[in-house]
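What follows is a set of notes on a single structure, which appears directly below.
Throughout, read-outs are computed from the coordinates displayed, never taken from laboratory work. All figures in this text were calculated on a predicted structure; none of them were measured in a lab. Glycine gets a Cβ as well: all are built from the backbone with ideal geometry, and neighbour counts include every protein chain shown.
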Amino acid sequence: MSIYREAYSGKRVLVTGGAGAIGSNLCRELAGLGAQVLILDDLSSGFLWNVPKCANVEFVEGDILDEVKLKRVFFDHPQIVFHLAGFFANQNSVDHPERDLLVNGMGTLRVLEYSLLSGAERFVFASSSSTVYGGDAPLPTTEDYVSLRLTTPYQATKMLGELYCNFFFHHYGLKTVKTRFFNNFGPGEVPGRYRNVIPNFIYRALKGLPLTITGSGEETRDFTYVSDTVDALLRSGIFEAAVGQEFNVASGKETSIGQLALAINDLTGNSAGIQYVGRRKWDNKSRRWGSTKRASDLLGFNAKISFSSGLQQTISVFRDHWEEINASADFGGAIPISQSQEAVMVSASAAD
Ligand SMILES: NC(=O)c1ccc[n+]([C@@H]2O[C@H](COP(=O)([O-])OP(=O)(O)OC[C@H]3O[C@@H](n4cnc5c(N)ncnc54)[C@H](O)[C@@H]3O)[C@@H](O)[C@H]2O)c1
């Protein structure tokens with residue numbers, strides 16, 4: 001960690017989306033390293049209680065599309081920008097395609113423009129494995145594979161964000177890095193109708209409800225614990241080899257959704273079991289498994305936290321913060337109980 005302290009101590013760092021699942025963990029780590037952290041977040045899917053309360057973390061509530069707020073956070077010329085604010089994720093974009101385009105498309109362009117104009121030394125972009133690789137990628141998927149068979153607005157706009165990063169790097173020399181997250185999980189993520197499978201399963205398990213799998217349960221994902229995701233981001237923010245590149249931020253291991261559900265029911269003592277409903281229309285990824293070779297070769301990144309230990313830590317934080325999590329969970333009304341409601345409202349086997 002000492003190389004990080006040297007690199008980040010005293011640095012002005014802007015984190016858009018810093019109240020979110022990954023951003024809040026990143027800000028906590030940056031604050032511990034002595035960086036001056038500024039967060040811009042409109043709290044549309046993040047939570048104030050998630051933001052670290054430290055003297056060197058400043059929170060600005062606002063939209064990345066709001067020029068006044070952008071001027072405010074770029075006034076101090078942040079040296080490193082982590083652009084994590086995003087309209088999350090596939091199902092949300094299917095329901096709200098215009099907002100998705102505004103936030104992930106225009107919002108990313110604006111943050112890039114301000115980063116360039118204010119002289120940022122580095123711009124790290126939160127991209128997604130579900131985006132660039134579509135549903136038919138060879139396994140383990142390497143960064144060179146690109147699919148044009150993208151089927152949701154979120155996939156299209158995250159891809160757009162990557163392409164704008166390329167544009168700013170090649171045309172203006174802004175040092176951009178694209179990090180492609182594979183199913184991040186861990187403390188900081190609050191369950192909800194647009195959230196990933198792990199927080200939603202844990203939430204249901206702690207309520208004694210059956211875990212709903214939208215598919216067969218044989219689908220796999222590459223679950224990456226949040227401290228590993230943060231580690232990859234920190235490396236992307238400082239290492240010269242990262243510039244202009246795209247990296248898988250993955251554990252390099254596959255886990256099936258069926259295995260995941262069994263493990264969560266077991267760890268929480270939930271006896272309500274598992275139920276199956278149909279896949280969502282856009283969810284065409286049966287397996288997801290990322291190659292970690294490039295991140296390992298160029299950044300020295302290798303995920304350290306095992307799936308089972310990450311899961312146990314996540315469940316333990318859920319129990320410790322149950323009141324806040326339960327109050328913040330957004331399922332757009334009552335928690336769905338019946339199977340027909342489940343199919344619409346629970347983000348289960350597919351994750352983003
Ligand atoms: N969690 C994953 O598995 C995963 C996978 C792939 C990509 N990503 C990407 O990584 C980033 C962080 O993901 P996360 O899991 O922390 O999601 P998150 O929803 O918890 O965090 C996103 C944050 O951005 C904020 N935000 C959204 N729109 C905004 C706007 N217009 N202006 C300002 N703030 C805004 C939200 O309030 C939230 O705090 C996102 O861009 C997401 O698309 C996440």
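For the chain, the share of alpha carbon pairs falling in successive 20 Å distance bins from zero is 33, 60, 7 percent. Just checking the listed ones, Cys54, Cys165, Cys27: in the Gaussian network model of the chain with Cα springs under 10 Å, the one fluctuating most is Cys54. Given +1 at the Cβ of Lys and Arg, -1 at the Cβ of Asp and Glu and no other charges, the dipole of the chain around its Cα centre is 320 debye to the nearest 20.
Net charge dipole, the range 222-285: roughly 360 debye, given to the nearest 20, about the Cα centre with Cβ charges of +1 for Lys and Arg and -1 for Asp and Glu. Candidates Ala31, Ala241, Gly208 compared by Cα position along the dipole of the chain: farthest toward the positive end lies Ala241, with charges placed on Cβ.
Would you mind ranking Arg288, Arg28, Arg72 so that the residue whose beta carbon has the fewest other beta carbons within 10 Å leads the list? Provide the component values of the computation, followed by the final result.
Values: Arg288 25, Arg28 21, Arg72 14.
Listed from fewest to most nearby Cβ atoms, that is Arg72, Arg28, Arg288.
Taking Cα atoms only, the orientation of helix 226-238 departs from the longest principal axis of the chain by about 20 degrees. Between the residues Ser271, Phe125, Tyr154, the greatest Cα displacement towards the positive end of the dipole of the chain, with unit charges on the Cβ of Lys, Arg, Asp and Glu, is found for Ser271.
Lys pairs in the range 185-329, Cα-Cα under 27 Å, at least 8 apart or on separate chains: how many? Before the final figure, lay out the partial values.
Working: Lys253/Lys281; Lys253/Lys285; Lys253/Lys293; Lys253/Lys304; Lys285/Lys293; Lys285/Lys304; Lys293/Lys304.
Within the range 185-329, the lysine pair count is 7.
For the range 44-133, the alpha carbon convex hull comes to 116 Å³ per residue, rounded to a whole number. Can you list the lysines whose alpha carbon sits under 22 Å from that of Lys53, skipping same-chain ones fewer than 8 residues off? Leaving aside lysines fewer than 8 places away in the same chain, those within reach of Lys53 are Lys11, Lys69. Only DSSP H runs of four or more residues enter the estimate; each adds -39500 (n - 2.57), and after division by the residues of the chain the mean residue ellipticity at 222 nm equals -11500 deg cm²/dmol. Of all aspartates and glutamates in the structure, the ones whose alpha carbon falls short of 14 Å from that of Lys175, not counting any fewer than 8 places away in one chain, are Glu113, Glu121, Glu162, Glu240, Glu246.
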